[in-house]
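Undergrad: So that we are looking at the same thing, I have put the structure below in structure tokens.
The values are calculated or read from the model by the stated rules, or taken from the named source; none is laboratory data. Quick caveat, the model's predicted, so the values are computed rather than measured. Here the Cβ positions follow ideal geometry from the backbone for every residue, glycine too, while neighbour counts run over all protein chains shown. Keep in mind that these areas ignore ligands, DNA and RNA; they rest on the heavy atoms of the full protein, side chains included. Shrake-Rupley method; radii C 1.70, N 1.55, O 1.52, S 1.80 Å.
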Amino acid sequence: MMRKIILSNEEIKGICKRIGKELTIKFQDAPQPPIFVGVLKGGVPFLMDLVNEVDVPLVIDFIQIESWSGLESTGKVTLKRDLDSDITNRDVVIVEDVIDSGLSMQFLIDFLKKKNPRSITVTTLLDKKCARKIPVQIDYAGTEVGNEFLMGYGLDYYDLFRNTNYVFVPEMTEVHQWDEILKRK
């Protein structure tokens, strides 16, 4: 079995260093520490590695939305967990694992704008421009990828393989094995 590796751990570290340096410059003179919002659950590994490369005081918070089931987007975005922080007049950095259709990110941007932040900056590890259904603001993207189903480093199949330290395209034989493990048919 040969997995197609999309991003190695070394490449991910390089992306985190690059974007972290840019965010450090952007927020070095901010009036208050920016709030980095990790999008649960997939964005957590990228968030944690990214903030280690940002050299300014910052706050970490989380938000959770749902729009996927298994291998497919449901096309419907729902909020599962709101922020704990008050983001009124604060700089907010959304940290996401992948932006594909744009629907989830636009939902998040619109939702957070209602809380009157000073600014919203969108950061993603993976940008699937080819899958975009609506235009969406992306300020910092790690790398552009094709429209393949991706796993690892936060990206999952029914919550499996979020803990892999690289991003890969699973083989369908693997997916069928996981279905057996999960008792899915």
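Undergrad: Under 11 Å from the Cβ of residue 41, count the other residues' Cβ atoms, weight Lys and Arg +1, Asp and Glu -1, and hand me the total.
TA: In short, -1.
Undergrad: Going Cα to Cα from residue 129, which lysines come in below 21 Å? Please leave out same-chain ones fewer than 8 positions away.
TA: 4, 76
Undergrad: Aspartates and glutamates near residue 41 by alpha-carbon distance under 17 Å, same-chain residues fewer than 8 away left out - which ones?
TA: Result set, ordered by chain and number: 49, 61, 66, 72, 82, 84, 96, 97, 100, 156, 159.
Undergrad: Moving on. What is segment 1-93's relative contact order, in percent, from Cα pairs under 8 angstrom and six or more apart in sequence?
TA: Here the relative contact order equals 30 percent.
Undergrad: Tell me the net charge near residue 128. Cut-off is 12 Å between Cβ atoms, residue 128 excluded, with +1 for each Lys or Arg and -1 for each Asp or Glu.
TA: Details: positive: 129, 132, 133; negative: 96, 97, 100, 127, 144, 148.
Overall, the nearby charge balance is -3.
Undergrad: Label points 7 Å out from Cα along the Cβ direction at residue 171 and residue 80: separation in nm?
TA: Output for this residue pair reads 3.0 nm.
Undergrad: What accessible area per residue comes out for the chain, rounded to a whole number of Å², with a 1.4 Å probe? Mind showing how you got there, number by number?
TA: Numbers: 9420 Å² over 185 residues.
I get 51 Å² per residue for this part.
Undergrad: Related question: Could you tell me what percent of the accessible area of the chain is made up of carbon and sulfur, with a 1.4 Å probe and every protein chain present?
TA: 50 percent
Undergrad: In segment 57-173, what percentage of the DSSP-assigned beta bridges are antiparallel, given to the nearest 5?
TA: Expressed as a percentage, antiparallel bridges in segment 57-173 total about 40.
Undergrad: Counting helices only, and only those DSSP H runs with n ≥ 4, report the 222 nm mean residue ellipticity of the chain as the sum of -39,500 (n - 2.57) divided by its residues, in deg cm²/dmol to the nearest 500.
TA: Result for the chain: -8000 deg cm²/dmol, rounded to the nearest 500.
Undergrad: Extension gain residue 55-residue 9, at 0.36 nm per residue separation less the Cα-Cα distance, in nm?
TA: Separation in residues times 0.36 nm, less the Cα-Cα distance, equals 14.4 nm.
Undergrad: If you take Rg and Dmax of the Cα atoms in Å from the coordinates, which of [x] 16.4, 54; [y] 17.4, 60; [z] 20.9, 65 do you get?
TA: Checked against the structure: label [x].
Undergrad: Another one. Using θ = phi - 60° and the Karplus relation 6.51 cos²θ - 1.76 cosθ + 1.60, list the HN-Hα couplings for segment 33-44 in order, rounded to whole Hz, with x at every Gly or Pro.
TA: With the stated coefficients, segment 33-44 comes to x, x, 9, 8, 9, x, 8, 6, 9, x, x, 4 Hz.
Undergrad: What's the extension gain from residue 22 to residue 129 if we count 0.36 nm per residue and subtract their Cα-Cα distance?
TA: Length gained between residue 22 and residue 129: 36.3 nm.
Undergrad: Starting from the Cα of residue 149, step 7 Å along the direction of its Cβ; do the same at residue 66; then give the gap between the two resulting points in nm.
TA: 1.9 nm
Undergrad: Okay, moving on. Give the lysines reachable from residue 13 as a straight Cα distance under 16 Å; neighbours fewer than 8 places away on the same chain don't count.
TA: Counting by Cα, and skipping residues close in sequence, residue 13 has these lysines nearby: 21.
Undergrad: Continuing with the same structure: Among 95, 107, 173, whose Cα projects farthest towards the positive end of the dipole of the chain, with charges put on the beta-carbon of Lys, Arg (+1) and Asp, Glu (-1)?
TA: The residue sitting most towards the positive pole is 107.
Undergrad: How large is the charge dipole for the chain, taken about the Cα centre, if only the Cβ atoms of Lys, Arg (+1) and Asp, Glu (-1) carry charge, to the nearest 20 debye?
TA: Dipole magnitude for the chain comes out near 380 debye.
Undergrad: Right, next: Can you pull the one-decimal nm distance between simple spin-label points at residue 116 and residue 181, each 7 Å off the Cα toward Cβ?
TA: For residue 116 paired with residue 181, the spin-label model returns 4.8 nm.
Undergrad: Out of the GluC sites (Glu not before Pro) in segment 6-50, which ones are loop residues according to DSSP with at most 14 other C-beta atoms within 10 Å?
TA: Loop-located and lightly packed - none at all.
Undergrad: Order the peptides 26-33, 142-149 from the highest to the lowest mean number of other Cβ atoms within 10 Å of their residues.
TA: Highest to lowest by the protection proxy: 142-149, 26-33.
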